[in-house]
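Working notes, beginning with the structure itself.
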Amino acid sequence: MKEKILLDTNMIIYLLDNHVLDEKVSKLTKILYDSDKYVIAIHPNTFVEARKLKDETKRDIFISKLGVYKTIETPPRATNEFNNKVGYKNDNDIIDNGMLYAVVRNCVSYFITNDKKLLKKSESIGIKDRVLSIDEAIEKFKQEEKLFVETPVFIKNEYLY
């Protein structure tokens, strides 16, 4: 079974928005798409955040594209104790905490975000090794893929056609 990699909503926006894709996001996405070990997943909270988009057309397009990704089915809801421990000030923090809680409860293997606040929270609760920035994720998954891709010298790759 493939391990799930949870992408923060901002990562999904990088991928699906109508603009030139950042080179690092592109590199990471390629590594994950080509992987036999990982599958990209989204949290149901990503849909909650998507519904907040003001532009109705943009919102509908974005939500329709989310269907491409595997969604974590019925993830556990972050407890009040957890929310108090990591801190929250508004609804957006509750949504973000729900994604962190999915990591804590092992719904996913890794969570990729460039949100400095989420990265700091992950460190405070001892899951920093599973909540990665884009740069950290590229380094980690690139190294792991090397282990699987290397073939013995005597094996020659050729197209069958």
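The values are calculated or read from the model by the stated rules, or taken from the named source; none is laboratory data. Keep in mind that what you see is a predicted model, and the values were worked out from it rather than measured. Methodologically, a virtual Cβ is constructed for each residue, glycine included, from the backbone with ideal geometry; neighbour enumeration extends over all protein chains shown. Note: areas computed on protein heavy atoms with side chains; ligands, DNA, RNA excluded. Shrake-Rupley method; radii C 1.70, N 1.55, O 1.52, S 1.80 Å.
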Among residues belonging to the range 47-73 that are of a type in the set (S, T, N, Q) and free of Cβ contacts under 8 Å to residues at least 12 places away in the same chain, point out the one that is farthest from Leu118 (Cα to Cα). Thr57
Is there any pair linking a residue in the range 1-30 that is free of Cβ contacts under 8 Å to residues at least 12 places away in the same chain to one that is assigned to a loop (DSSP other than H, G, I, E, B) and small (Gly, Ala, Ser), with Cβ under 8 Å and at least six apart or on different chains, and which? none
Answer yes if at least one residue in the range 8-23 is buried (at least 17 other Cβ atoms within 10 Å of the Cβ) and at pLDDT 90 or above, and no otherwise. yes
In the range 31-46, what residues are among the aliphatic types (A, V, I, L, M) and either open to solvent by 80 Å² or more (accessible area, probe 1.4 Å) or without any contact (Cβ under 8 Å) to a residue 60 or more places away in the chain (or both)? Val39, Ile40, Ile42
Within the bounds of the range 53-69, is there any residue that is closer than 19 Å to Ser122 by Cα and either at pLDDT 95 or above or touching a strand residue (DSSP E or B) at 6+ places or on another chain (Cβ under 8 Å) (or both)? no
State yes or no: is Glu158 at pLDDT below 95 and of a type in the set (Asp, Glu)? yes
All but one of (1) at positive phi; (2) of a type outside the set (Lys, Arg); (3) in contact with a Lys or Arg (Cβ under 9 Å, 6 or more places away or on another chain) hold for Gly126; which doesn't? (3)
Extreme residue, nearest to the chain's Cα centre (by Cα), among residues of the range 11-22 that are part of a helix (DSSP H, G or I) and closer than 15 Å to Asp135 by Cα: Met11
